[in-house]
Amino acid sequence: MTHVRLIPTSELPESLWRKGTNCLILPPLLVSAWQALLEAEGLTDKANLPVPDNLIGGITKDATNDHLTWRFTGSSARVQMAMLDPLSSLDQISDAFAKTFSGGQVFLADLPCGSGAAVLTILATIAELRRTNKVPRTPLHVTVLGGEISEFARAYATNAITSLLSALEGVGIFVNAEFLKWDACDKFSNADLIKELTLRSQGCGARMIVLANFSGFLQNSGKWNAAKDQFDALFLHSRDVNSCAIWIEPLTNTVTATGGFLSRLVNWFQKVFGALPQQTQLVGDEDQPIYGSSNALAQHPLRPEHQFNSNLAVIRFDLPIKVVSK
Ligand SMILES: C[S@@+](CC[C@H](N)C(=O)[O-])C[C@H]1O[C@@H](n2cnc3c(N)ncnc32)[C@H](O)[C@@H]1O
């Protein structure tokens, strides 16, 4: 059966996707917020230099700045690709975004939020689709909760979102955001986050948790076992009507190989939520891997001559209330 997309790829505006060259363009509001952060921290020149390998962010100001300078746009492009799916390989992911953010009262958690690349990309992309009249400007109230260990990254995320509030309101998006200290390896910190998540998501008609680019820390730095119990609790307490988690990672061998990060994630999920009916299936799951993937170019916002490769592996976990007994 042919899937009818909520936002067909033919409707994507040139300001987000250059069809002729298969190239993503980061949304203008996102770019302006990122540039303002770079300017304020004196990082603009650095952002024009080649990107060093193995940057995964971290708790210090230097690690946070390196990530902001060199990885922020890559993180953003990945999230934008998951949302828009210009090459039609992630229908069920992009539809989840389109449906969740079509209007009404919505809750969005971004974990770990870093400097806010995921949440800012989501809001700025919806804003651009609305500005170009590709989707209706139905009032959309988004309650955002970011969790992150680096105080510097939390401050950047706060500043960036604050700088966009009035432009977002101009297209009918009203945002209330908070960025909390969250240590994925600490059960007390996680309990505080869950309490806040429960309070802030009350009354929302749809809920989404975005987890982006965390495999470097969880897999490569060997922290999965220390963090696993916190994810158990987070996912269990996030079950609700219209609730899902979208996990986005780079399309690398350590992420997608058998025994790699995504297998580990899916095994964990099936163990904890084995009784749930949804089981993370993507379209065409018969002969496809359990994750969706896509790959395209993205235009670097500061260097007109430079397009970088953007790729992602993504899984959608639906988190309904009802658990079907085994
Ligand atoms: C690769 S970055 C991804 C950030 C953001 N999701 C993005 O896509 O840009 C990983 C983030 O995890 C944060 N982090 C590292 N250890 C953490 C922990 N124990 N708990 C929560 N966040 C942590 C880092 O500070 C960094 O901001």
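The values are calculated or read from the model by the stated rules, or taken from the named source; none is laboratory data. Source: prediction; values computed, not measured. Here Cβ is always computed from backbone atoms with ideal geometry, including for glycine, and neighbour counts include all displayed protein chains.
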1 or more residues away from the ligand (no atom under 16 Å from the Cβ) and crowded, with 19+ Cβ neighbours inside 10 Å: qualifying helices (runs of 4 or more DSSP H) within segment 30-97: 72-84
Residues of segment 249-272 classified as in a helix (DSSP H, G or I), of a type outside the set (Ser, Thr, Tyr) and in contact (Cβ under 8 Å) with a residue 40 or more places away in the chain, total: 9
- request: Go through segment 199-227 and count every residue that is surrounded by fewer than 22 Cβ atoms within 10 Å (Cβ to Cβ) and free of Cβ contacts under 8 Å to residues at least 60 places away in the same chain.
  value: 9
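Check SER75, SER88, SER15 and return the single one that is over 17 Å from LEU251 (Cβ atoms) and hydroxyl-bearing (Ser, Thr, Tyr).
The match here is SER15.
Could you list all residues from segment 139-155 that are surrounded by fewer than 17 Cβ atoms within 10 Å (Cβ to Cβ) and in contact with a Ser or Thr (Cβ under 8 Å, 6 or more places away or on another chain)?
Narrowing segment 139-155 to residues surrounded by fewer than 17 Cβ atoms within 10 Å (Cβ to Cβ): 139, 151, 155.
None - no residue of segment 139-155 is surrounded by fewer than 17 Cβ atoms within 10 Å (Cβ to Cβ) and in contact with a Ser or Thr (Cβ under 8 Å, 6 or more places away or on another chain), so the list stays empty.
Yes or no: LEU165 out of contact with any Cys (no Cβ under 8 Å at 6 or more places or on another chain), more than 21 Å from GLU39 (Cα to Cα) and modelled with pLDDT of 95 or more? Explain how you work it out, then say what you get.
Details: out of contact with any Cys (no Cβ under 8 Å at 6 or more places or on another chain): yes; more than 21 Å from GLU39 (Cα to Cα): no; modelled with pLDDT of 95 or more: yes.
Answer is no for this residue.
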query: Out of segment 98-156, which residues are basic (Lys, Arg) and within 11 Å of the ligand (Cβ to nearest atom)?
result: ARG154
message: Scan segment 156-169 and tell me whether some residue there is of a type in the set (Phe, Trp, Tyr) and surrounded by fewer than 20 Cβ atoms within 10 Å (Cβ to Cβ).
response: no
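Using the structure shown, decide if LEU234 is surrounded by 22 or more Cβ atoms within 10 Å (Cβ to Cβ) and either at pLDDT below 95 or assigned to a helix (DSSP H, G or I) (or both).
Values: surrounded by 22 or more Cβ atoms within 10 Å (Cβ to Cβ): yes; either at pLDDT below 95 or assigned to a helix (DSSP H, G or I) (or both): yes.
When the stated conditions are applied, LEU234 passes them.
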